[in-house]
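The values are calculated or read from the model by the stated rules, or taken from the named source; none is laboratory data. A quick note: this is a predicted structure, and the numbers were derived from the prediction, not measured. For neighbour counting, all protein chains shown are included, and Cβ atoms are generated from backbone atoms with ideal geometry for every residue, glycine included.
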Amino acid sequence: MSKYYTFKIKRYLPNEKPITRWDEFRVKLNNMERVLDGLIKIKETMDGTLTFRKSCAHGVCGSCAMKINGKNRLACQTLVKDLPEIIEIEPLPSLPVIKDLVVDMTLFFQKNDKVLPYLINEEPPPQRERIQSPEDQHKILESITCIMCGSCTTSCPVFWSDKEYLGPSALLKAYRFLFDTRDKATEQRLKAIAGQDGIWRCHSIFNCVEVCPKEIDITKHILKLKRLAIKKGFKGGQE
Amino acid sequence: MEINKHYFDTIIIGSGLAGCRAAIECTGKGTVGVLSKLYPTRSHSTAAQGGIGAALGNEEEDSPEWHTYDTVKGSDFLGDQDAIEIMCYDAIPTIIELEHMGVPFSRTPEGKIAQRRFGGHTKEFGKAPVRRACYSADRTGHAVLFALYEQCQLRGVRFFQEFQVLDIVIENQAIQGVIAINIKDGSLHVFEAKVVIIASGGYGKIFKVTSNAYASTGECLSMLFRQGLPLEDMEFFQFHPTGLYGLGILITEGARGEGGILINGKGERFMERYAPTIKDLAPRDMVSRAILSEIREGRGIDGKDYVYLDLRHVDKKILNERLPEISTFCKIYMGIDPSEAPIPVVPTAHYAMGGIPTDIDGRVLRDVDGSFIQGLFAAGECACVSVHGANRLGCNSLLDTVVFGRRAGKAASSILKNSTKGKVKRERVALITECLEMLKNNKGKETVASIRKDLQQAMMDKCSVFRTEKELKLLIDEIKTLKERYKEIEITDKSKTFNTDLLEAIELGHMLTLAEVIASSALQRTESRGAHYREDYPKRDDENWMKHTLAFQREKGITFKYKPVKITRFKPEERKY
């Protein structure tokens with residue numbers, strides 16, 4: 001079962017004039033194929049200059065996040081049969097575009113770096129593994145599935161208007177360590193996220209939850225961070 | 001063209017598990033730079049699902065000796081037993097160390113690292129399956145990669161992301177450095193170094209149906225081979241038994257470890273016939289052959305070219321907690337819920353046992369006599385130590401990356417003091433610039449996509465699970481024709497910015513080189529062992545072939561030399577499960 005789809009793609013070619021334009025391509029795809037397959041077909045047979053990131057092609061590496069029919073998604077995880085015949089594709093919003101669907105993720109990753117994104121525990125490790133109950137491990141289970149594709153942060157209206165905001169992805173990373181029983185940097189990390197650019201800027205808009213390809217309830221995690229911060233004496237909007 | 005020059009004591013190519021683990025080992029002992037053609041956490045290690053093997057004995061009695069035996073037997077006795085022993089004994093402290101670094105392993109009720117069954121891993125030398133694979137649900141690679149990358153960040157490792165390596169510079173039998181392109185702006189960068197560790201991963205993209213990422217194209221291996229260095233045991237390529245039908249997406253062996261079974265079109269649990277003792281948990285080479293034999297004999301589902309992986313009888317709680325990712329894949333890509341419907345599966349190109357020959361410390365060997373390239377190391381899937389021999393056991397690849405990533409890092413750091421800084425000559429850079437320009441400006445009627453497609457199809461048809469002399473000879477001719485066609489390629493994108501059109505053309509050139517090595521290595525080995533199954537030579541032939549193949553590029557074409565297998569504890573025996 002194959003049918004034709006029209007891919008309307010927002011182009012950005014820094015060496016051409018005009019730099020920005022919309023191109024349309026007609027592609028025949030079967031009902032198992034994904035938006036990524038369509039993009040590859042276009043690149044291979046119609047326009048070799050069309051540029052996008054890709055790698056694993058099954059939703060685990062996070063390379064191919066883009067805006068598809070108005071919503072941030074992974075191209076490799078979006079089946080064309082679930083979309084209308086006209087598929088409109090743009091790069092992830094609110095980050096500088098490098099070329100076509102490739103955005104500069106530097107700012108996004110920098111946010112992550114600010115939350116001390118690594119396990120901190122300076123106690124000498126035991127001979128064997130640190131003991132963690134399954135219940136405690138389950139507390140971070142959802143947060144560790146994040147693939148850092150950038151869909152959430154670039155869908156967040158707070159981030160759109162304020163590039164200083166840490167954003168949902170970085171806050172989820174903070175959660176992953178703050179709620180890991182093995183981590184000992186609670187104060188330090190809370191300090192990093194409870195300032196004016198951190199958790200209090202989240203207004204529970206839920207855009208991040210709606211777009212997350214791993215179906216992580218990010219807003220819920222941020223609410224838990226807020227609760228923890230208050231418990232530990234960090235007040236809204238202050239250091 | 002303006003050249004950007006950098007110096008690091010250690011350069012690591014690749015930021016998957018082996019690269020990151022090596023980098024951690026190198027910090028504090030000199031400057032470290034890691035080059036990755038992707039953003040580091042997008043490396044394909046992240047797609048590893050089921051587990052990482054270590055005889056921790058957390059769920060039942062286990063021993064590194066049993067692990068060693070299983071790995072030797074799994075390798076069809078081609079693995080080097082000294083290296084295997086190191087890996088299986090090192091496994092325990094290595095996994096404990098990963099846990100201390102923050103890997104969020106799944107847990108037993110007592111809070112220890114949880115373990116499950118995996119193919120070919122047994123207790124008491126083959127008596128019954130054993131719980132040896134440490135896991136984080138079915139996202140183990142992801143969990144380990146993130147923890148290692150995070151530890152690299154903590155230690156201040158410098159990453160050059162989206163830098164693609166164009167040349168690995170060796171002169172006077174010593175490493176000098178690496179030439180790379182910054183994908184973002186097309187600028188050329190020369191990285192001079194005292195040591196280079198190659199951890200560039202696999203090359204499954206040479207085959208049409210594969211679990212591997214688009215990035216798994218193997219150019220680093222080809223770069224060494226073209227400079228006259230050998231590649232070892234390239235005929236051994238693993239097909240994972242359970243790839244999603246039509247897509248090749250991996251469904252972890254852990255699914256069978258948790259109780260899943262394979263059934264054919266007649267509803268039979270056919271693995272009972274092929275491996276009566278451990279059945280569906282037989283090693284991958286055997287299960288893949290069994291599936292394809294069932295299909296060939298007309299017992300695929302409805303006579304078609306796939307079988308079912310049945311998880312319907314597995315407790316829903318186990319599916320949700322231990323196999324959530326593959327359950328999601330089934331829902332997204334096939335529209336089925338594995339708790340209600342069986343999963344259509346077929347073998348998928350998965351893992352290269354062969355690669356860059358190294359010793360047990362990751363030193364890259366340049367000949368069968370053990371001589372090596374000064375300052376050059378390799379670890380992970382790109383390397384061949386050899387711990388996997390003719391067939392790798394599930395959950396031993398992640399183990400290999402961290403054990404030998406660490407050893408390579410340690411060995412590399414230890415020679416820094418007595419090594420001189422590498423020098424990359426201008427002429428070498430000029431050659432690369434010229435190549436890039438040529439590829440960009442070449443005129444012809446061929447496209448990268450069409451040649452790549454033909455290559456992947458030919459490799460799949462003639463060099464996958466079953467092989468014959470006739471088909472392999474045809475394949476080698478086809479590859480030669482494809483190489484001729486490659487000279488006629490024309491690319492569309494002429495820009496400097498993020499030119500994936502150009503980079504794919506470079507990758508394809510290397511894929512063609514590797515494909516010829518794989519096919520030629522497969523042709524010359526006239527026996528069947530592990531993943532290399534010759535229908536015209538269906539028996540293992542220890543008398544003539546208990547040896548490693550080393551392929552070399554010479555003027556007259558590919559030539560072969562051989563290296564004995566290191567046998568220490570376990571004498572070769574018939575491989576039955």
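Comparison of B:Leu38, B:Leu56 shows that the only residue that is of a type in the set (A, V, I, L, M, F, W, C), under 22 Å from B:Ile197 (Cα atoms) and in a loop (DSSP other than H, G, I, E, B) is B:Leu38.
In the set (1) out of contact with any Leu (no Cβ under 9 Å at 6 or more places or on another chain); (2) of a type outside the set (Asp, Glu); (3) under 27 Å from A:Lys139 (Cα atoms); (4) without any contact (Cβ under 8 Å) to a residue 24 or more places away in the chain, B:His100 fails one condition alone, (1). Determine whether region B:304-324 contains at least one residue that is free of Cβ contacts under 8 Å to residues at least 12 places away in the same chain and within 14 Å of chain A (Cβ to nearest Cβ). Yes.
Here B:Ile558 fulfils each of the conditions (1) in a helix (DSSP H, G or I); (2) touching a residue at least 40 places away in the same chain (Cβ under 8 Å); (3) out of contact with any Lys or Arg (no Cβ under 9 Å at 6 or more places or on another chain) apart from (1).
Looking across region B:253-292 at every residue that is out of contact with any helix residue (DSSP H, G or I) (no Cβ under 8 Å at 6 or more places or on another chain) and hydroxyl-bearing (Ser, Thr, Tyr), the one that is farthest from B:Ser75 (Cα to Cα) is identified as B:Thr277. Between B:Glu97, B:Glu124, the distinction of being farther than 22 Å from B:Ile326 by Cα, more than 20 Å from the chain's Cα centre (by Cα), among the charged types (D, E, K, R) and within 9 Å of chain A (Cβ to nearest Cβ) belongs to B:Glu97 only.
To keep it simple, each residue is scored yes or no on (1) at pLDDT 95 or above; (2) in contact with a Cys (Cβ under 6 Å, 6 or more places away or on another chain); (3) in a helix (DSSP H, G or I).
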| residue | (1), (2), (3) |
| --- | --- |
| A:Leu190 | yes, no, yes |
| A:Cys208 | yes, yes, yes |
| A:Pro213 | yes, no, no |
| A:Thr219 | yes, no, yes |
| A:Leu225 | yes, no, yes |
| A:Ala229 | yes, no, yes |
| A:Phe234 | no, no, no |
| A:Gln238 | no, no, no |
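Checking each residue in region A:42-51 for being farther than 16 Å from B:Ala505 by Cα and either facing chain B (nearest Cβ under 9 Å) or assigned to a loop (DSSP other than H, G, I, E, B) (or both) picks out only A:Met46. On inspection, B:Ala55 fails the criterion of being at pLDDT 95 or above and within 22 Å of the chain's Cα centre (by Cα). Restricting B:Tyr562, B:Tyr486 to residues that are closer than 27 Å to B:Leu393 by Cα and either out of contact with any strand residue (DSSP E or B) (no Cβ under 7 Å at 6 or more places or on another chain) or not assigned by TED's automatic domain parsing to the domain that holds B:Gly186 (or both) narrows the list to B:Tyr562.
One residue stands out in region B:14-72 among those that are in contact with a helix residue (DSSP H, G or I) (Cβ under 6 Å, 6 or more places away or on another chain) and of a type in the set (Lys, Arg): the one that is farthest from the other protein chains (Cβ to nearest Cβ), namely B:Lys29. Mind listing just one residue for me: the one in region B:135-148 that is in a helix (DSSP H, G or I) and within 9 Å of another protein chain (Cβ to nearest Cβ) and, of those, nearest to B:Cys26 (Cα to Cα)? Filtering first and then ranking leaves B:Ala147. From the list B:Ile301, B:Ile332, B:Ile295, B:Ile291, exactly one residue is at pLDDT 95 or above, outside the structural domain of B:Val402 (by TED's automatic domain parsing), surrounded by fewer than 21 Cβ atoms within 10 Å (Cβ to Cβ) and touching a Pro at 6+ places or on another chain (Cβ under 7 Å). Which is it? It is B:Ile301. Of all the residues in region A:120-167, those that are touching a residue at least 60 places away in the same chain (Cβ under 8 Å) and in contact with a Phe, Trp or Tyr (Cβ under 6 Å, 6 or more places away or on another chain) number 3. As for region B:104-113, it holds no residue that is assigned to a helix (DSSP H, G or I) and within 14 Å of chain A (Cβ to nearest Cβ). A single entry from B:Gly375, B:Gly380 fulfils the requirement of being at pLDDT 95 or above, over 26 Å from A:Leu79 (Cα atoms) and not in a strand (DSSP E or B): B:Gly380.
Here is a yes/no grid of residues against (1) within 13 Å of another protein chain (Cβ to nearest Cβ); (2) crowded, with 20+ Cβ neighbours inside 10 Å:
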{"residue": "B:Lys417", "(1), (2)": "no, no"}
{"residue": "B:Glu427", "(1), (2)": "no, no"}
{"residue": "B:Lys445", "(1), (2)": "no, no"}
{"residue": "B:Ala449", "(1), (2)": "yes, no"}
{"residue": "B:Arg452", "(1), (2)": "yes, yes"}
{"residue": "B:Ile489", "(1), (2)": "yes, yes"}
{"residue": "B:Phe498", "(1), (2)": "yes, yes"}
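Residues in region B:46-57 that are in contact (Cβ under 8 Å) with a residue 60 or more places away in the chain and surrounded by fewer than 24 Cβ atoms within 10 Å (Cβ to Cβ): B:Leu56 only. Residues of region B:415-449 that are under 15 Å from B:Val178 (Cβ atoms) and in contact with a Gly (Cβ under 6 Å, 6 or more places away or on another chain): B:Gly422, B:Val424. In region A:12-35, the qualifying residues are those that are of a type in the set (Asp, Glu) and farther than 14 Å from A:Val97 by Cβ, and the one that is nearest to the other protein chains (Cβ to nearest Cβ) is A:Glu33.
Look through B:Gly202, B:Gly177, B:Gly246 and report the one residue that is in a loop (DSSP other than H, G, I, E, B) and over 23 Å from A:Leu39 (Cβ atoms).
Testing whether each residue is in a loop (DSSP other than H, G, I, E, B) and over 23 Å from A:Leu39 (Cβ atoms) leaves just B:Gly202.
Just to be sure I understand, how many residues within region A:120-169 are under 17 Å from the mean Cα position of the chain (by Cα), within 9 Å of another protein chain (Cβ to nearest Cβ), under 28 Å from B:Pro109 (Cα atoms) and in a loop (DSSP other than H, G, I, E, B)? Here the count works out to 2. Taken over region B:149-158, the criterion of being facing chain A (nearest Cβ under 10 Å), within 18 Å of B:Leu38 (Cβ to Cβ) and among the hydrophobic types (A, V, I, L, M, F, W, C) is satisfied by B:Cys152 alone. Considering only residues that are more than 10 Å from chain B (Cβ to nearest Cβ) and touching a residue at least 40 places away in the same chain (Cβ under 8 Å), which ones fall in region A:81-96? Within region A:81-96, A:Leu83, A:Glu85, A:Ile86, A:Ile87, A:Glu88, A:Ile89, A:Glu90, A:Pro91, A:Leu92, A:Pro93, A:Ser94, A:Leu95 meet the criteria.
Within region B:205-229, count every residue that is assigned to a loop (DSSP other than H, G, I, E, B) and more than 12 Å from chain A (Cβ to nearest Cβ). Qualifying residue count, region B:205-229: 7.
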